[in-house]
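Here's the structure we're looking at; comments come further down.
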């Protein structure tokens with residue numbers, strides 16, 4: 001896309017109604033006179049008096065504790081320079097949006113129209129009581145140093161100049177990982193810094209906190225090497241002055257260096273300079289928009305290089321967005337009085353550690369990357385990694401507490417992590433509870449399609465998390481090659497090549513069992529034996545024979561064929577003629593159970609009754625009280641043909657024969673989810689006053705479309721599909737299932753197996 005196209009689209013993006021990038025929304029209802037009396041006069045006087053008596057009560061009764069001011073005077077905006085306070089407003093609005101989107105922090109941009117340090121500090125100091133934290137932004141050096149120093153002394157809330165410290169924290173995390181990959185010790189590494197502004201100064205200070213020794217640092221500005229022999233150095237530069245006399249230029253400094261940090265201008269670093277560095281060098285060329293050396297030139301200069309920039313179109317982007325939302329989140333949550341060095345270092349180490357963990361599929365998908373893994377082209381997390389919130393914020397909060405600047409102490413860190421996840425809209429507490437249950441009794445799980453990367457990765461992840469003991473079906477040689485290509489360790493996993501001659505005894509035995517089970521339905525031994533060369537038949541027979549506890553399939557298989565195999569081998573639970581599948585959807589509005597999302601295309605009235613009963617049992621299994629709505633495009637008999645009629649008939653029978661099930665319908669989706677609307681319009685309904693948590697759809701098309709629409713629109717995370725109604729734990733994925741989807745389904749399958757085992761012992 002050309003620069004002109006980007007510029008045009010950017011203007012349209014910002015100008016579309018409503019102009020700008022964010023708005024203010026109320027957090028409390030204001031629907032009637034009573035609400036008004038609480039929100040404003042006379043009720044508002046009560047919290048006012050409470051705060052007057054105790055200033056800390058402002059955190060309890062106002063939004064102060066979740067409000068950050070993004071403040072600038074517009075003197076150093078992006079790479080645009082001193083464009084003025086008002087012209088910098090789009091950047092500050094953007095920062096405010098990132099705060100909200102990534103960490104749930106409310107932020108307001110404030111543009112202070114002055115370049116006078118005294119006036120700027122006075123303005124910020126006077127408005128500080130409004131906020132829980134202050135993010136200084138785009139203020140030029142050297143004034144930014146003085147402004148930050150003075151304000152830290154004058155305000156009692158966390159304050160950070162992100163241009164300085166954000167870059168330092170993120171690049172510091174990248175540096176730790178790069179050194180690890182290159183096999184270098186930080187205390188021995190030689191660092192060259194090109195640039196001596198605010199960011200360069202802060203980065204160098206933090207690197208020293210990480211272990212870089214001062215005698216191994218050479219800083220270069222526009223006039224050459226910053227050395228003790230120079231008489232033109234500011235106090236900020238003097239602290240980094242080298243005593244070496246043998247170097248005068250950047251080229252001199254680069255010879256034998258291990259690390260280059262550039263926070264200067266484009267194209268100042270040459271190929272020859274990179275080639276003159278020590279073996280396995282690290283180059284962070286962070287000038288924006290164009291780095292100190294281009295990506296192509298740097299990578300062509302030598303093969304042992306780790307290279308990072310500030311750009312999103314190359315690997316290893318050093319991006320401040322990895323830090324500031326989560327640093328302030330942690331600081332706000334303990335009501336910190338400052339953001340100190342201990343908190344910055346904690347954030348650095350947390351980000352570095354996160355990079356080494358397996359990358360979620362949601363991140364790979366967001367960046368169009370098949371599979372990220374820790375290495376030379378992945379030394380820092382991607383900006384859209386949702387795990388940053390729960391990795392960085394708790395680390396910062398704990399550091400604030402340990403260093404004595406926290407006014408509120410967190411005692412239950414699990415609960416805090418849960419709150420962070422709820423803050424961003426999704427509560428996976430249920431899944432975490434399932435995981436803990438599964439870890440206590442891990443079961444043998446057969447993964448049918450172990451030659452699929454996602455399923456193999458899921459089996460490995462599930463084993464590492466202690467959820468199951470994987471059994472992989474497939475050619476051991478091919479599985480081994482795949483494992484090597486995606487970095488999966490096969491240790492501890494059983495591999496069964498079901499088609500190998502050495503498995504003939506097992507195939508014979510399984511064929512005999514299946515024949516005995518289905519011989520009066522036309523199944524012959526020869527037919528059964530032939531079926532044992534099919535991974536789905538073989539794997540399900542392992543479960544049926546008691547040689548495995550659960551079975552996962554679906555990444556390759558056509559679900560219609562797999563369903564038929566499950567009926568033949570495992571069979572449908574006694575008392576039912578049908579089985580189905582459910583998805584658990586975690587949304588901002590709560591957890592919902594959707595059925596039937598996979599199995600029955602055009603359910604009859606009888607099928608719908610079975611699905612409703614199975615859904616009732618399944619939701620109870622997941623420790624919820626089921627409140628079920630059977631949905632359609634009509635309400636309570638307003639259409640007496642087709643699927644509405646079948647739903648209507650199913651509800652009638654369910655009400656008569658199963659009064660213990662709280663269920664009603666048919667009803668449109670808005671009436672199902674809005675109990676006030678439902679109760680007002682149809683006061684006779686049997687769900688009165690209750691919020692629906694389980695939705696049974698009239699056919700597969702509507703159910704499957706609904707859950708996939710929710711996923712693609714980003715309004716939900718899912719667990720499933722979870723089979724309901726088979727005699728043993730046989731679970732189906734689909735071709736679009738990510739590694740995490742399969743791991744989640746494995747967890748459910750293990751729980752299913754635990755329950756089956758307990759039932760059999762009764």
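No lab work stands behind these numbers, since they all come straight from the coordinates. Computed from a predicted model, the values in this text were never measured in an experiment. Here Cβ is always computed from backbone atoms with ideal geometry, including for glycine, and neighbour counts include all displayed protein chains.
Ranked highest first by the average count of other Cβ atoms within 10 Å around their residues, in what order do 522-531, 732-741 fall?
Details: 522-531: 14.8, 732-741: 19.4.
Result, highest mean first: 732-741, 522-531.
Fewest first, what order do 12, 504 take by the number of other Cβ atoms within 10 Å?
12, 504
Can you tell me the orientation of helix 453-464 relative to the chain, as the angle in degrees between its alpha-carbon axis and the longest Cα principal axis, to the nearest 10?
80 degrees
Considering Cα pairs under 8 angstrom that are at least six residues apart, work out the relative contact order of the chain and quote it in whole percent.
Computed value for the chain: 9 percent relative contact order.
Using only alpha carbon pairs under 8 Å that are at least six residues apart, calculate the relative contact order of the stretch 165-321 and give it in whole percent.
On the way: 299 pairs, mean separation 32.5, N = 157.
Here the relative contact order equals 21 percent.
Calculate how steeply helix 700-712 sits against the longest principal axis of the alpha-carbon atoms of the chain, using the helix alpha-carbon long axis, and give the answer as 0 to 90 degrees to the nearest 10.
On a 0 to 90 degree scale, this one is about 10.
By DSSP, what percent of the beta bridges with both residues in the chain are antiparallel, rounded to the nearest 5?
25 percent
From a point 7 Å beyond the Cα of residue 432 in the direction of its Cβ, which residues of the stretch 307-344 have a backbone N at a distance under 20 Å?
Under cut-off, by backbone N: 326-335.
7 Å from Cα along Cα→Cβ at both residue 296 and residue 513: what's the point-to-point distance in nm?
About 6.1 nm separates the two model spin labels.
Order of 411, 337, 249 from fewest to most other C-beta atoms within 10 Å?
411, 249, 337
Using just the helices of the chain, give the 222 nm mean residue ellipticity in deg cm²/dmol: DSSP H runs with n ≥ 4 each add -39,500 (n - 2.57), and the total is spread over all residues, rounded to 500. Spell out each step's value before the answer.
Numbers: 31 runs with 342 residues, N = 762.
Calculated at 222 nm, the ellipticity per residue is -13500 deg cm²/dmol.
Quick check: the distance between the Cα centres of the stretch 139-180 and the stretch 238-267, to the nearest angstrom?
After rounding, the separation between the Cα centres reads 22 Å.
Full extension from residue 527 to residue 625: what is 0.36 nm times the residue separation minus their Cα-Cα distance, to one decimal in nm?
On the way: separation 98, 0.36 × 98 = 35.28 nm, distance 4.50 nm.
Result for the pair: 30.8 nm of gain on full extension.
So for each of 108-119, 272-283 I average, over its residues, the number of other beta carbons within 10 Å; can you give me the resulting order with the highest mean first?
The densest-packed peptide leads the list: 272-283, 108-119.
Modelled label-to-label distance, residue 652 and residue 679, 7 Å Cα→beta-carbon offset: nm?
2.8 nm
Between residue 265 and residue 736, what's the calculated FRET efficiency when r is the beta-carbon distance and R0 is 60 Å? Round to 0.05.
Plugging the Cβ-Cβ distance into 1/(1 + (r/R0)^6) gives 0.85.
Just order 457-463, 263-269, 61-67 by mean Cβ neighbour count inside 10 Å, highest at the front, would you?
The packing order, highest mean first, is 457-463, 263-269, 61-67.
Working from Cα positions, state the angle (0 to 90°, nearest 10) between the long axis of helix 642-657 and the longest principal axis of the chain.
The angle comes out near 70 degrees.
Compute the distance from the alpha-carbon center of the stretch 720-747 to that of the stretch 535-557, in whole Å.
Using only Cα atoms, the two centres lie 12 Å from each other.
For the stretch 481-530 and the stretch 559-610, what is the separation of their Cα centres, given in Å?
The stretch 481-530 and the stretch 559-610 have Cα centres spaced 26 Å from each other.
Can you give the FRET efficiency to the nearest 0.05 for residue 303 and residue 39, using r as the Cβ-Cβ distance and R₀ = 60 Å?
0.40
Once you place label points 7 Å from the Cα toward the Cβ at residue 486 and residue 113, how far apart are they in nm?
Inter-label distance under the simple model: 5.8 nm.
Return the FRET efficiency for the residue pair residue 387, residue 660: r is the Cβ-Cβ distance, R0 is 41 Å, and the value is rounded to the nearest 0.05. Write out the running numbers ahead of the final one.
Values: r = 42 Å, r/R0 = 1.02.
E(calc), rounded to 0.05, equals 0.45.
Of all DSSP beta bridges located in the stretch 580-725, what percent are antiparallel, nearest 5?
Rounded to the nearest five, the antiparallel share is 55 percent.
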